[in-house]
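Structure record follows, encoded as structure tokens.
Each value in this text was obtained by applying a stated rule to the coordinates, not by laboratory testing. Predicted model only: the values in this text are computed from it and were never measured. Cβ atoms come from the backbone with ideal geometry, glycine included; neighbour counts cover every protein chain shown.
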Amino acid sequence: MIQNFISEEKSLACVHCGLCLSACPTYLETGNENDSPRGRIYLMRNIQTQRVTVDNTVMRHIDLCLGCRACENACPSGVEYGHLLEHARDYFEKTHNRSFSQTFLRRIAIEQVFPFPWRLKFVLFFSTILRLPIFRWALPQFAKESLLLLPKEAISKSPPEYSPSLEKNVGRVGFIEGCVMQVMFGATHDNSIALLNQQGWDVASPKKQGCCGALYAHSGQLDKARECARNNIAAFEREKLDAIIINAAGCGSTLKEYGQLLGNDPAWSERAARFSAKVKDLSEWITPENLKPSNREIIVTYQDACHLAHPQGVTAEPRELVKAVAGDNYIELQEADVCCGSAGSYNLTEPEMAKKLQNRKVRNLIDTGAEIVVTANPGCLLQIQSGLKKAGSGMKIMHLADYLIEYGE
Ligand code: SF4
Ligand code: SF4
């Protein structure tokens, strides 16, 4: 009997041409065909037709996928790899028994913490205690490395429910506060809203919003991701909005795909599609015209967050904004859109591969000679910050909104 967990049509769109191989970070690192997009699609199809069973070996190849979706951009056949991966993972999580340690890490330590701001705040507080030398020496290497990912000083702050425009009002936008963003990057929220207000936008951030569901969608928990989507659609539908702004790339790509996520739910599909059509990354909404060039001679580069560059195709807009401030001091980064290894919670579940990709990113960054690297996703900020620190580099990493406010005024 065929288990139809992935769409036959979507999986058959892959013609095994191999043009995606050189874009796939895990294939570049391992050289193993099973760690490539076409290899993984082949595995999914063979499981669907019951020629292969889901065992630990298959799961290694699927788990090792970053979900970065660089392969989608490289694919001339338009294979929707992200969609196939999410549905395959959803099926595998229901049918494959993971070890106790992996189940604890994924289902408890990650999924029961990150989408819940108060729990995440508690973990942050606890991590400051673990960082004390008296405790630190006793920690295993993995725990020491994980602690490096957390910021030393996190500003936890929910955006206000309403922030009025400063200039002549041009309209009203919604603002997504996110889970990690509100707990660790409260100042970035302030700066994002300040940029919107300066450009004439009233900003509404409804209190009933919650986790976007990206973490669940990427880890094979599609029903939970759908619950998150319904909650957010209902929270934002109450407002009359020109757009819904997000400043975290990972959340943005899931929010833009609510239409697809709830496509088979007759009560929600149209509402979800309307919601998704309004979602914009901050860089897609603010314009460079109002930004002032910096008079500081500081070399700046830009790192693409995978989920902004690949599924959303937003690469030119953030660069234009950075260049409006940096001018001739902007320098392009080699392999700017190759994943840094963060990939949501990947750096916790697959630390070895995440470290290889972190080192690769840091080497490329140091080669630019830049003093600042700008990006647009909390995962990249934390992953690159810890990589630069380990490499002894003084390069500063900043969210786009923070860079524009600090250097563009
Ligand atoms: S995913 Fe696309 S690029 Fe990769 S092998 Fe299949 S058809 Fe070719
Ligand atoms: S999502 Fe990224 S890691 Fe996974 S197959 Fe595609 S390019 Fe490779």
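Where a ≥ b ≥ c are the square roots of the eigenvalues of the C-alpha gyration tensor, would you call segment 75-170 rounded, which needs a/c under 1.5, or, failing that, prolate if a/b is larger than b/c, or oblate?
Here segment 75-170 falls in the oblate category.
Which of the listed residues, 266, 148, 277, is farthest toward the dipole's positive end in the chain, when Lys, Arg count +1 and Asp, Glu count -1 at the beta-carbon?
The Cα lying farthest towards the positive end belongs to 148.
To the nearest µm²/s, what D does Stokes-Einstein give for segment 185-316 at 37 °C and 0.692 mPa s, using the Kirkwood radius over alpha carbon pairs as Rh? Don't skip to the end; give the middle numbers.
Details: Rh = 16.0 Å.
Answer from the Stokes-Einstein relation: 205 µm²/s.
Suppose every K and R has +1 on its Cβ and every D and E has -1 on its Cβ; what is the size of the dipole of the chain about the Cα centre, in Debye to the nearest 20?
In debye, rounded to 20, the chain gives about 1140.
Work out the length of the dipole vector of segment 173-310 about its Cα centre, built from +1 on the beta-carbon of each Lys and Arg and -1 on the beta-carbon of each Asp and Glu, and round it to the nearest 20 debye.
On the way: 14 positive and 16 negative charges, 57 e Å.
It works out to roughly 280 debye.
Using a 4.7 Å Cβ cut-off, which Cys residues in the chain lack a partner cysteine?
When partners are defined as cysteine Cβ atoms under 4.7 Å apart, the chain leaves 14, 17, 24, 65, 75, 179, 211, 228, 340, 380 without one.
Any chance you could check the Cα centroid distance between segment 341-409 and segment 279-318 for me, in angstrom?
Comparing the Cα centres of segment 341-409 and segment 279-318, I get a distance of 15 Å.
Specify which residue in the list 4, 25, 329 is farthest towards the positive end of the charge dipole of the chain, using unit charges on the beta carbon of Lys, Arg (+1) and Asp, Glu (-1), about the Cα centre.
Checked the options; the winner is 4.
Chymotrypsin sites (Phe, Trp or Tyr not before Pro) within segment 112-192: which are DSSP loop residues with at most 10 other Cβ atoms inside 10 Å? Display every interim value, and only then the final one.
Numbers: sites: 118, 122, 125, 126, 135, 137, 142, 162, 175, 185; in loops: 137.
Passing sites in segment 112-192 are 137.
To the nearest 20 debye, what charge dipole does segment 291-407 have about its Cα centre, counting +1 at the Cβ of each Lys and Arg and -1 at the Cβ of each Asp and Glu?
On the way: 12 positive and 14 negative charges, 72 e Å.
In debye, rounded to 20, segment 291-407 gives about 340.
Toward the positive end of the charge dipole of segment 162-285, about the Cα centre and with charges on Cβ (Lys, Arg +1; Asp, Glu -1), which of 187, 174, 245 goes farthest?
After comparing all options, I get 174.
May I ask you to list the lysines whose Cα is less than 26 Å away from that of residue 292, ignoring any residue fewer than eight positions away on the same chain?
Hits, sequence-local ones excluded: 168, 280, 323, 396.
Test of the criteria: in segment 151-180, which GluC sites (Glu not before Pro) are in a DSSP loop and have at most 11 other Cβ atoms within 10 angstrom of their Cβ?
153, 161, 167
Can you compute the helix-only [θ] at 222 nm over the chain? Use -39500 (n - 2.57) per DSSP H run of at least 4 residues, normalise by all residues, nearest 500 deg cm²/dmol.
Values: 24 runs with 204 residues, N = 409.
Per the formula, -13500 deg cm²/dmol.
Restricting to DSSP loop positions (anything but H, G, I, E, B) with no more than 10 other Cβ atoms inside 10 Å of their own Cβ, which trypsin sites (Lys or Arg not before Pro) remain in segment 20-80?
In loop regions of segment 20-80 (DSSP not H, G, I, E or B), the sparsely surrounded trypsin sites (Lys or Arg not before Pro) are 51.
What's log10 of I(q)/I(0) for segment 100-149 at q = 0.14, 0.19, 0.30 Å⁻¹, Debye sum over Cα points only, no solvent?
-0.40, -0.72, -1.11
Would you mind giving the average projected area, over all directions, of the Cα convex hull of the chain in nm² with one decimal?
On the way: hull surface 80.4 nm².
Projected over every direction and averaged, the Cα hull of the chain covers 20.1 nm².
Which whole-angstrom value gives the distance between the alpha carbon centres of segment 86-143 and segment 223-271?
With segment 86-143 and segment 223-271 each reduced to a Cα centre, they are spaced 26 Å.
By DSSP, what percent of the beta bridges with both residues in the chain are antiparallel, rounded to the nearest 5?
Here the share of antiparallel DSSP bridges comes out near 10 percent.
Please work out how much length the chain gains when fully extended from residue 274 to residue 391, using 0.36 nm per residue of separation minus the C-alpha to C-alpha distance, in nm with one decimal.
37.6 nm
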